[in-house]
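For reference, the structure is listed below as C-alpha cells.
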Amino acid sequence: MGERAQPQPLSRRRFLGHAGVIGAGIAAGGALSACGNAMAPAASGPDAAIESQLVPFYGRRQAGIVTPVQERLVFAAFDVLTPSRAELTATLKTWTGAAAAMARGELIPGVTDPQAPAPDSGEAAGLAPGNLTLTIGFGPSLFDSRFGLASSKPAALAALPPLPLEQLDPAYVGGDISVQACSDDPQIAFHAVRNLARIASGAVSLRWIEFGFGKTSRTSPTQATPRNLMGFKDGTRNISSSQTDLLDRYVWTADGSGPAWFRGGTYQVVRRMRMFIEAWDENDLADQQRVFGRYKLSGAPLSGEQEFDTPSFAAVDEVDRLLIPANAHIRLLAPEQNDGMHLLRRGYSFSDGVDPESGLLDAGLLFIAYMRDPQQFVTLAGKMGNDALGEYVRVVGSGLFAVPGGIQEGQSWGQGLFE
C-alpha cells in the first residue's frame with residue numbers, strides 16, 4: 001500500500017469558516033455522512049465575521065497601544081537566557097512570524113510531524129481572534145553587556161526611582177522583554193503568550209505573568225468607560241486615539257530624538273497594584289466618593305453632574321469646603337494640576353486567588369501606561385503619597401520597557417535594534 005498523504009494544517013480562519021458551513025447545513029436539516037470526511041469551501045459569511053475581528057499586525061505603530069482596548073489581557077515579562085546575540089535575533093524573528101500569523105487568526109505555521117511536537121499548541125483552533133494584538137517592549141536589563149546593545153539604549157530607559165506606596169515583590173519586577181497580548185477572548189490571549197514562550201524555550205524564560213480580566217480604560221471615543229474593582233469608572237479622561245495632538249505630545253517619542261531604532265516608539269510602564277478590597281468595601285459611599293473625587297454611579301466629578309464634565313477644583317460647598325477634596329485622586333493627577341500632562345493608560349483588573357498570609361483577595365489593577373518620557377509617570381506617581389486612595393492600594397510589581405515603532409511585512413521585532 002502507498003503512504004497516506006498527510007493533511008494540510010488548517011488555519012483558525014478556515015476552521016471557523018468550515019464550522020459555519022457545517023452549522024448552517026445542520027440548521028437547514030442537512031445531515032453529515034458518517035463515512036465522509038470532505039469539507040466544503042468556507043462561506044463568505046463566517047470569513048467576513050472573522051475579518052471584522054482582525055487588527056493589522058504591521059504598520060507605523062505597534063498595535064495594542066491606541067487600539068480600542070480589548071476585554072482581556074495576558075501580560076508577560078521574559079528574561080533572555082541565551083548568551084548568543086544571533087540566537088536572540090533568530091528568536092525575535094521566529095516570534096514575529098508566529099505573532100503575525102496569530103494576529104491574522106491563523107495557527108502558528110510549521111511542519112506537522114506526528115512524531116514531533118505540533119507547531120501550535122492548538123487551544124485557539126476554532127476560535128475567532130477577538131481583535132488580538134501583540135505588543136513587544138525591551139527592558140533596561142537587555143542593554144547590559146551581553147549583546148553589545150549598551151550604545152543603543154535610550155537615555156530615559158533606566159530603573160524607576162523609589163516611589164510612594166511601593167512594597168515591591170521581586171517576583172513581579174523587571175524583565176528583559178515584555179509582551180502584552182490583548183484580545184476579547186481570554187483563551188486567544190493566553191494561547192498567544194503560551195506559544196511565544198513555548199517556541200522560544202531555552203532562549204528565553206518567563207519572569208512573571210499576569211492575567212487581566214476586565215479593562216480599566218478606554219482609548220476610543222466610542223467605548224464606554226469601564227469600572228475598576230473599587231466600583232468606580234476608570235479612564236474617563238484618558239487620551240483617545242482621535243486626539244492625535246495629545247498623542248504626539250505625550251505618547252510618541254519625537255523624531256530625531258534617541259536611537260534610530262526607537263523613533264516613533266513609546267515607553268511602557270507596568271505596575272501591579274494590589275487593592276485592599278475588603279477594607280474598601282467597609283468604607284461608606286460618601287467617603288469612597290471623596291477618595292476619588294467622583295460620584296460612584298455616574299462617574300461625574302463631585303463638582304459636576306455628568307461623567308465628562310470638566311472638574312472644577314475651586315468649587316466649594318455652602319460652608320466653603322472643597323467639593324473635590326485636596327487629597328482626592330482626580331485632583332492630584334488631573335492634567336490641570338500637572339501642566340497639562342497626560343499618559344495613555346490601558347490597564348486591566350486582575351485576581352490571583354487568596355493571599356495565604358492574610359487570607360485576603362490578591363486582586364487589583366495591572367496599571368499599564370504609555371508615554372513619551374518615563375518622567376511623566378514618575379511625576380504623577382510621586383503625588384500618590386498624598387493621595388487618599390493610597391490607604392487602599394500598594395504597588396507590588398513594576399516594569400519599564402521601551403516599545404519601538406511598528407514594522408513592515410518582511411521585518412522582524414527588534415530588527416532595527418540589532419542591525
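The values are calculated or read from the model by the stated rules, or taken from the named source; none is laboratory data. Note that the coordinates shown come from a computational prediction; the quantities given were computed from them, not determined experimentally. Because the Cβ atoms are built from the backbone with ideal geometry, glycine has one as well, and the counts that use them run over all protein chains shown.
Observations, loosely collected:
Yes/no matrix, rows are residues, columns are (1) over 20 Å from E409 (Cα atoms); (2) among the small types (G, A, S); (3) modelled with pLDDT of 95 or more:
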site: A63; (1), (2), (3): no, yes, yes
site: L81; (1), (2), (3): yes, no, yes
site: E87; (1), (2), (3): yes, no, yes
site: W95; (1), (2), (3): no, no, yes
site: A100; (1), (2), (3): no, yes, yes
site: D113; (1), (2), (3): yes, no, no
site: I136; (1), (2), (3): no, no, yes
site: G139; (1), (2), (3): yes, yes, yes
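- Condition met for P117 (in the same structural domain as A101 (by TED's automatic domain parsing), touching a helix residue (DSSP H, G or I) at 6+ places or on another chain (Cβ under 6 Å) and over 22 Å from R207 (Cα atoms)): no
- The residues of segment 251-275 that are in contact with a Leu (Cβ under 7 Å, 6 or more places away or on another chain) and among the aromatic types (F, W, Y), listed by number, are W261, Y267.
- Residue that is surrounded by fewer than 19 Cβ atoms within 10 Å (Cβ to Cβ), free of Cβ contacts under 8 Å to residues at least 24 places away in the same chain and polar (S, T, N, Q), where the choices are S257, S241: S257
- Residue match in segment 118-138 (condition: of a type in the set (F, W, Y), more than 22 Å from I209 (Cβ to Cβ) and either out of contact with any Phe, Trp or Tyr (no Cβ under 9 Å at 6 or more places or on another chain) or not in a helix (DSSP H, G or I) (or both)): no
- Candidate set: segment 147-189, residues that are touching a Leu at 6+ places or on another chain (Cβ under 9 Å) and among the charged types (D, E, K, R); chosen: the one farthest from D352 (Cα to Cα): K153
- Any hit, segment 378-386, residues being assigned to a strand (DSSP E or B), in the same structural domain as I177 (by TED's automatic domain parsing) and either buried (at least 19 other Cβ atoms within 10 Å of the Cβ) or in contact with a Pro (Cβ under 8 Å, 6 or more places away or on another chain) (or both): no
- Yes/no for P162 being without any contact (Cβ under 8 Å) to a residue 24 or more places away in the chain and either of a type outside the set (G, A, S) or surrounded by 19 or more Cβ atoms within 10 Å (Cβ to Cβ) (or both): yes
- Among (1) in contact (Cβ under 8 Å) with a residue 24 or more places away in the chain; (2) surrounded by fewer than 18 Cβ atoms within 10 Å (Cβ to Cβ) - the single one R290 does not satisfy: (2)
- Members of segment 315-341 found to be outside any helix (DSSP H, G or I) and surrounded by 13 or more Cβ atoms within 10 Å (Cβ to Cβ), listed by number: A315, L322, L323, I324, P325, N327, A328, A334, N338, M341
- Every residue from segment 357-415 that is among the small types (G, A, S) and farther than 30 Å from P56 by Cα: S358, G359, A363, G364, A381, G382, G385, A388, G390, G397
- Residue list for segment 220-258, filter: over 23 Å from P301 (Cβ atoms) and outside any helix (DSSP H, G or I): S241, V251, W252, T253, A254, D255, G256, S257, G258
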